1. Determine the pairs where a residue that is free of Cβ contacts under 8 Å to residues at least 12 places away in the same chain, located within the range 48-64, has a partner that is of a type outside the set (V, I, T) with Cβ atoms under 7 Å apart, the partner being 6 or more residues away or on another chain.
2. For the condition surrounded by fewer than 20 Cβ atoms within 10 Å (Cβ to Cβ) and touching a Cys at 6+ places or on another chain (Cβ under 7 Å), what is the one hit in G87, G15, G94?
3. Name the residue, out of V75, V34, that is touching a residue at least 12 places away in the same chain (Cβ under 8 Å) and either closer than 19 Å to V92 by Cα or not small (G, A, S) (or both).
4. Only one of (1) assigned to a helix (DSSP H, G or I); (2) surrounded by fewer than 17 Cβ atoms within 10 Å (Cβ to Cβ) is not met by R24, so which one is it?
5. Determine if the range 44-62 includes at least one residue that is polar (S, T, N, Q), part of a helix (DSSP H, G or I) and under 12 Å from the mean Cα position of the chain (by Cα).
6. Could you please give the count of residues in the range 100-129 that are part of a helix (DSSP H, G or I), farther than 26 Å from G40 by Cα, open to solvent by 50 Å² or more (accessible area, probe 1.4 Å) and not hydrophobic (A, V, I, L, M, F, W, C)?
7. Residues V132, V140: which one is touching a residue at least 60 places away in the same chain (Cβ under 8 Å), part of a helix (DSSP H, G or I) and either polar (S, T, N, Q) or closer than 25 Å to F83 by Cα (or both)?
Amino acid sequence: MIVDLLIQFLLAMAGTLGFAIIFRAPLRRMPACVFIGGCGWVSYLITVNCFDSPILGCFIASCLVGLMSDIFARVLKDAATIFIIPGILCLVPGAKIFYTMEALLKEDFTGTAEIGLQMLLMAGAIAMGLLVMGAIIRVVRTAIRTFIA
């Protein structure tokens, strides 16, 4: 199990590196982007294995990606989107989109609805995870500024 997760982590890092290169992330920020993408994918796998829910897995993994991106943005003094965009792309349900189209072309409308709904919920979970984590970070940052000042 641990060896499998390590292999998945390394492959997710390789995929994230490819997206970081395509989106022209700064070279000095690529190690952080790659690490965030690998951690996001491993957290997705662990959540799916524990709870058997890819939707919850996407939500938790995108929350982790959002949190880590904000931390790296603060530490490295750069924009969080530099880390979020390559880091989140491993979670995009591309296979579900393919299987939805395949079921649609085969005129399997029940399969299309079933797979398509799961794909939409996964994509929504990714968006909600980033949104929720961004809101939590903003509230915590405001509270810290209020109590320190």
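1. Taking only residues 6 or more apart or on different chains, the pairs are V48/P54; V48/G57.
2. Being surrounded by fewer than 20 Cβ atoms within 10 Å (Cβ to Cβ) and touching a Cys at 6+ places or on another chain (Cβ under 7 Å) holds for just one of G87, G15, G94, which is G15.
3. V34
4. Unmet for R24, out of (1) assigned to a helix (DSSP H, G or I); (2) surrounded by fewer than 17 Cβ atoms within 10 Å (Cβ to Cβ): (1).
5. yes
6. So the answer is 2.
7. Result: V132 is the single residue among V132, V140 that is touching a residue at least 60 places away in the same chain (Cβ under 8 Å), part of a helix (DSSP H, G or I) and either polar (S, T, N, Q) or closer than 25 Å to F83 by Cα (or both).
The values are calculated or read from the model by the stated rules, or taken from the named source; none is laboratory data. As the structure is a computational prediction, the values presented were derived from the model and not from experiment. For neighbour counting, all protein chains shown are included, and Cβ atoms are generated from backbone atoms with ideal geometry for every residue, glycine included. Heavy atoms of the whole protein, side chains included, go into the accessibility calculation; ligands, DNA and RNA do not. Shrake-Rupley method; radii C 1.70, N 1.55, O 1.52, S 1.80 Å.
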